[in-house]
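The values are calculated or read from the model by the stated rules, or taken from the named source; none is laboratory data. Remember, it's a predicted structure, so these values are computed and weren't measured experimentally. Heads up, the Cβs are rebuilt from the backbone with ideal geometry, glycines too, and the neighbour counts pull from every protein chain shown. Quick note on the areas: whole protein, heavy atoms, side chains included, nothing else; ligands and nucleic acids left out. Shrake-Rupley method; radii C 1.70, N 1.55, O 1.52, S 1.80 Å.
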Amino acid sequence: MESFSCSSQLDKSVRQQYMSLPQGDKCQITYIWIDGTGEGLRNKTRTLDSEPRCIKDIPEWNFDGSSTYQAEGSNSDMYLIPVQMFRDPFTLDPNKLVLCEVLKYNRLPAETNQRASCNKVMEAVKEHCMWFGMEQEYTLLGMDGHPFSWPRQGFPGPQGPYYCGVGADNVYGRDIVECHYKACLYAGVNIYGTNAEVMPSQWEFQVGPCEGIDMGDHLWVARFLLHRVCEDFGVVATLDPKPMKGNWNGAGCHTNVSTKQMREEGGLQYIEQAIEKLAKRHEEHIQVYDPHGGQDNMRRLTGRHETSSIKDFSAGVANRGASIRVPRQVAQDRKGYFEDRRPSANCDPYAVTKAIANTCLIATEEKE
Ligand code: ADP
Ligand code: MN
Ligand code: MN
Ligand code: MN
C-alpha cells in the first residue's frame, strides 16, 4: 500500500482558481521562525496594506510560545523580529516570506535563538569577509516514516548506483528536488546546486557562498522551502543524520569556509592556520555541530561511510574520511577554501558558523 498524506491528494486545479484571484494592494507576509526544539520551523501569515520595500517595513509580531516548546503558558507571548525578507514562491509576488528572530517576554533572545549571538561574532569579524557554503543532505520519507520509494519489505540494492544517478531505478523523488530548486531561486535564496546522494532517497542541496550571518538565514529559509514543497507532494524530508542504521550513508551538512586572505594569492597558509586552530578545539565544535551536544553525530561520525571518527580530529587534501578536507584544486592553486565535514544534517547553521568564525578569527588563548 502506498502511503500518502490526505492534503497532498486534494485537487490542485481547484486550488489554482483561488490562487489566481487578484489581491488588490494587499500583501501576505508569512513570518517564519525556529521553534523550541532548535530544529523545527513554524510559520504564520498576516496581511499588510502595501508591499514592504525592505525588512524595516515589516512590523514585529508575536506568537504563543507555550505551543512551540518555547515558553510557559502563564507568560507565553514571544516576539518575532523580522531579519530577512524573501519572495514567496507559493503565493507569488508581491507576497513575502520573512525570517524572524525570536525574543522572550523580556526581549532577550529565546534559548533556541542562536542567531543573535552568531550575528555579534559575524559583526566582530566583518573585515575578514568570511564566506560560507553549506551542503544540506536530507532523506525523503513516506508518511509511514519509511524511506520514500524503498520496497515495503526489505531494502533496495546496495549503495553504488545512486549518487548523482539517473533513471527510475536509481533515483527516487527528483520532482521534489527540482521544485525546491526553483522555489529557492524565485525566493532569492542563494542556492548553489543539488545532487542525488549515495543512499537512495537521499539528496543534497548546497547554499552559498554567503557572507557572515547570511549563511544561517539562507539555509534556514531553504529548509523551510524544502519542508513546504514536500508537504505539497505528501512526502516528508528528514534531517536526521543517520536515518537508516547499517550499511547506509548518513546525512551531514558539510560547511565550506574562506576568508578574504584565504581566497587571495598564497591564501593556503591562512587555511593551514585555521585548521591548526580547529584541531585544538575539536570537542567544543562537536558539541555545537548537532542540536544534542554530539549525541546525534555519534550515530553518523563512525569513521565509515565517508566520515571521520567523532573522537579524532584529522585534516587532509581531497580526503573525505577526514574532519577537514582541503579540496585538491585549492591545494594546487594554493588559495581558496576548506571544508569542515563534521556538522550534522540537523545542525543549526548559526551555531556552526559562529563556532568556526570564533575559533579561526577571534579565540586566542591556546588550549592543550
Ligand atoms: P563537495 O565537493 O564537498 O560535494 P559541493 O559542490 O557540494 O562540494 O559544495 C561546495 C560548496 O562550497 C557550496 O556550498 C559553495 O557555495 C561553497 N563554496 C565555494 N567556494 C567557496 C568559498 N571560496 N568559500 C566558502 N564556500 C565556498
Ligand atoms: Mn556536496
Ligand atoms: Mn554530500
Ligand atoms: Mn562536501
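The table below lists the values:
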quantity	calculated
Among the candidates R299, R320, R304, residue that is part of a loop (DSSP other than H, G, I, E, B), open to solvent by 30 Å² or more (accessible area, probe 1.4 Å), more than 16 Å from ligand 4 (Cβ to nearest atom) and of a type outside the set (S, T, N, Q)	R304
Selected residue [in contact with a helix residue (DSSP H, G or I) (Cβ under 9 Å, 6 or more places away or on another chain), within 16 Å of ligand 2 (Cβ to nearest atom), at pLDDT 95 or above and under 18 Å from Q269 (Cα atoms)] from V317, V330, V352	V330
Single condition Y172 does not satisfy, out of (1) open to solvent by less than 10 Å² (accessible area, probe 1.4 Å); (2) away from ligand 4 (no atom under 16 Å from the Cβ); (3) under 25 Å from E306 (Cα atoms)	(1)
Selection from the stretch 120-141 of residues that are open to solvent by less than 10 Å² (accessible area, probe 1.4 Å) and assigned to a strand (DSSP E or B)	F132, M134, Q136, Y138, T139, L140
Answer residue from the stretch 225-236, given it is touching a residue at least 60 places away in the same chain (Cβ under 8 Å) and crowded, with 23+ Cβ neighbours inside 10 Å and is nearest to ligand 4 (Cβ to nearest atom) among those	L226
Selected residue (criterion: farthest from ligand 4 (Cβ to nearest atom)) from residues of the stretch 197-212 that are farther than 13 Å from P147 by Cβ and in contact with a strand residue (DSSP E or B) (Cβ under 6 Å, 6 or more places away or on another chain)	E211
Test: V198 is within 23 Å of T37 (Cβ to Cβ) and either buried (at least 21 other Cβ atoms within 10 Å of the Cβ) or in contact (Cβ under 8 Å) with a residue 60 or more places away in the chain (or both)	no
Residue within the stretch 237-251 that is away from ligand 2 (no atom under 16 Å from the Cβ) and open to solvent by less than 20 Å² (accessible area, probe 1.4 Å) present	yes
Output for the stretch 120-142, where each listed residue is near ligand 1 (Cβ under 9 Å from one of its atoms) and among the charged types (D, E, K, R)	E135
